[in-house]
Number of protein chains: 2
Amino acid sequence: MTMLEKTIRNIHRPNTTVYEQAKERLRRQARPAGSLGILEDVGARLAGIFETLDVRLTHKIIVTCAGDHGVCAEGVSLFPSEVTSQMVYNFIHAGASINVLARHANARVEVADLGVAHDFPADLPIFHKKVGRGTKNLSTGPAMTREEAVKSIENGIEIIDELVKNGPVHLLGTGDMGIGNTTPSTAIIACFSHLPVSQLCGRGTGIDDNGLMKKISAIERGLTCNSPDPDDPIDVLAKVGGFEIGGLAGLVIGAAANNIPVICDGLISTAGALIACKLAPAARNYLFAGHKSVEVGHRFMLEELNLEPLLDLQFRLGEGTGAALAMELMDAATRILIEIKTFEEVAIADAQAQP
Amino acid sequence: MTMLEKTIRNIHRPNTTVYEQAKERLRRQARPAGSLGILEDVGARLAGIFETLDVRLTHKIIVTCAGDHGVCAEGVSLFPSEVTSQMVYNFIHAGASINVLARHANARVEVADLGVAHDFPADLPIFHKKVGRGTKNLSTGPAMTREEAVKSIENGIEIIDELVKNGPVHLLGTGDMGIGNTTPSTAIIACFSHLPVSQLCGRGTGIDDNGLMKKISAIERGLTCNSPDPDDPIDVLAKVGGFEIGGLAGLVIGAAANNIPVICDGLISTAGALIACKLAPAARNYLFAGHKSVEVGHRFMLEELNLEPLLDLQFRLGEGTGAALAMELMDAATRILIEIKTFEEVAIADAQAQP
């Protein structure tokens, strides 16, 4: 059995008894039933995962996976590939958007190189998990080999295993950095949803109409020449995916196997989560959608995963920013569950307040 | 000049130069332009209000205004009016939903009695601003007199003035408690929007189809028999409003006059904000929408105010819960503005990191 297969076997269903106890407590709280909307279900799901109604998410980590993309040769992005490695350094210097929003969420940022076309110094404090120096151009052939696809997922799992070895992880946020990576992500949802690429394709960092046409064409050619098999998620990842997308899939599988809830960010993180849940449907129990991205394909991914996004702030940045911002809502959901008094508790408090 | 008129005169436009400087800084940050969506504009607006790019919202307060409603006699709510005063005590015992979410947001909760049909002990630590012991039944005549309407708004202004006297207030959230108060709130938006009541009316705390029909009928009869004048917001408040809704309007006007940004909560808070902005259009510059409520009328209020809600979590609770939860997003917006490095700052950091 491979490491990937072993990890998938280790994913167990959250505790449904505790989940139901949580639902019951929420129903008995001194407020109209269901009045705290989506956060009620979030709280109950977290209770099921942690097997307690008193969940405390004190150790939060965002893992931002980076990789480069051969398809950039088709002119699908506004920025050159060099920006991927520059942004990795920016993350390490803590001046990027994800650093700011993670600090705000009281989360630690970890950066992982899954396939950046740049050699980072060995002592740079990142996860060195490079599978290749950027993928090949998916519009003319497979982005990577099947072995590389599996390796990228397993590298993601390794990151989780190393994090867990070094201390508690209560909540994982996934993020991405990779110039051109909305192209493979869109190709992935096109493959799974069978919807036309033109309906799924967004403007990424802000390409114009001409760039959008190039991007649609690159994805369409990639799907035609590669014929990825939607029933074989590793085939999809290999042919039209990316190294960091494989890593992001591995993070979800590894987290689920370690009973850690995962908030996915936008289009790219969710593409990884989609690959993960196609490979290991039980991983879906650990998955939460941080936000809904401006990127149109993201909506179809969330539908495919049947996930309700926590935020819709018109973000289209990646890095894990939407996941970071949603972490506070996860905290709020845990507080709602345990701290809001039930009608019975209010009555007891009233009785005790009597002279 | 009345106290209300004087306060309205004291509302000044936020600093547009600082607002533009903020916009410029956001554009130069090392990320795709506009990629942090709605929070970019929130950050810039706060910069304009506080006249600095480095806004720190360290003193946050939620004021929850309570009042009772004669229209409850029409069977428009699932709960009896007594629950309003019981919930006020629950707020003071800190076991209610708003206490939990305010604690999570690091905000203080203040409760104000604008018109509860119960005599609270004089030493109860709330704002004692009662205008009357509940409104009259708006379906058969005016909910209150014009003088009472003005008084309820002025009482809201007084709350702000007292809060400001006792310490800094950087961010105000508004909330409500009042059994039956989705009925006057819906009547208010019906009056301003001229849309049919059946299109605007929601289920409040969870009434069934029969309750919904009674509620629609009560509002329609109220609008017919009272003929509130949409060009006269005080007339609207007096005829189909509520004491806490007047107080909520006063909070917005008072906050704006003191350069304090305000996050409004759901249907009832926004009804108050709508009255405030009809009376004092400049107050809109200080107003932010915390969330979009399940109550269908709320959407039309936000459209009328041209406000984009920060959250859409299917809340329908009130108390200020949606405002409390949105406070963290306001904090995030201030951090985004000042902490994310510009391309120039990243280049300087890189140059300094050279050996």
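The values are calculated or read from the model by the stated rules, or taken from the named source; none is laboratory data. Computed from a predicted model, the values in this text were never measured in an experiment. Glycine also receives a Cβ, built like all others from the backbone with ideal geometry; neighbour counts cover every protein chain displayed. Only protein heavy atoms, including side chains, enter the accessible area calculation; ligands, DNA and RNA are left aside. Shrake-Rupley method; radii C 1.70, N 1.55, O 1.52, S 1.80 Å.
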Nearest 500 deg cm²/dmol is fine: what mean residue ellipticity at 222 nm does chain B get from its DSSP H runs of n ≥ 4 alone, each adding -39,500 (n - 2.57), divided by its residue count? -16000 deg cm²/dmol
Cβ nearest the rotation axis (B onto A), residue from chain B and distance to the nearest whole Å: B:328, 2
Counted charge near residue B:318, where neighbours are those whose Cβ lies closer than 15 Å (Asp, Glu -1; Lys, Arg +1): -2
In degrees, nearest 10, the alpha-carbon axis of helix B:267-279 is tilted away from the dominant principal axis of the alpha carbons of chain B by 80 degrees
Gaussian network model of chain A, Cα within-10 Å springs - most flexible of A:306, A:155, A:285: A:306
Dimensionless Rg over Rh [segment A:200-355; C-alpha; Kirkwood]: 1.15
Between copies, how far apart are the residue A:199 label points? List them in nm, one decimal, shortest first, with each point 7 Å from Cα toward Cβ, please? 2.9
Hydrodynamic radius by Kirkwood for chain B, inverse mean 1/r across distinct Cα pairs, in Å, is 20.4 Å
Residue by residue, what Karplus-based ³J(HN,Hα) values in Hz, rounded to whole numbers, does segment A:24-41 have, using 6.51, -1.76 and 1.60 with θ = phi - 60° and x for Gly and Pro? 5, 4, 4, 5, 8, 6, 6, 6, x, 4, x, 6, 9, x, 4, 5, 5, 5
Compute the FRET efficiency between residue B:296 and residue B:224 as 1/(1 + (r/R0)^6), taking r as their Cβ-Cβ distance and R0 = 25 Å, and round to the nearest 0.05. 0.70
For residue A:345 and residue A:51, what does the FRET efficiency come to when R0 = 22 Å and r is the distance between their Cβ atoms, rounded to the nearest 0.05? 0.50
For segment B:60-330 the mean separation of alpha carbon contacts under 8 Å (6+ apart) over residue count, i.e. relative contact order in percent, is 26 percent
Applied in sequence order to segment A:185-190, the curve 6.51 cos²θ - 1.76 cosθ + 1.60 (Karplus, θ = phi - 60°) yields integer Hz couplings, x standing for Gly and Pro, of 4, 5, 4, 5, 5, 4
Max mean-square fluctuation residue, GNM over chain B, Cα-Cα springs under 10 Å, options B:104, B:291, B:170: B:104
Please list 3J(HN,Hα) in residue order for segment B:326-333, calculated via the Karplus relation 6.51 cos²θ - 1.76 cosθ + 1.60 where θ = phi - 60°; whole Hz, with x for glycine and proline. 6, 4, 5, 6, 5, 4, 4, 4
Among B:77, B:269, B:35, which one shows the highest mean-square fluctuation when chain B is modelled as a Gaussian network with alpha-carbon springs under 10 Å? B:35
Leaving ligands, DNA and RNA out of it, work out the accessible area of residue A:343 with a 1.4 Å probe and give it in Å² to the nearest 10. 100 Å²
May I ask you to report, in nm to one decimal and beginning with the shortest, the distances from residue A:146 to the same position in the other copies, taking label points 7 Å along Cα-to-Cβ? 8.3
For every other residue with a beta carbon closer than 13 angstrom to the beta carbon of residue A:1, add +1 if it is Lys or Arg and -1 if Asp or Glu, then tell me the sum. 0
What does the charge count around residue A:268 come to, taking other residues whose C-beta lies under 12 Å from its C-beta (Lys +1, Arg +1, Asp -1, Glu -1)? -4
Under a no-solvent Debye model with one identical scatterer per Cα of segment B:153-213, what's log10 I(q)/I(0) at q = 0.25, 0.30 Å⁻¹? -1.05, -1.26
For a quick check: with amide H placed at 1.01 Å from N, whose amide H comes under 5 Å from residue B:342's, ignoring anything fewer than 5 positions away on the same chain? B:30
Could you please tell me the mean projected area of the C-alpha convex hull for the protein assembly as shown, averaged over all directions and given in square nanometres to one decimal? 31.4 nm²
Counting only the backbone N, which residues of segment A:294-334 are under 14 Å from the spot 7 Å out from the Cα of residue A:199 toward its beta-carbon? A:296-301, A:303-304
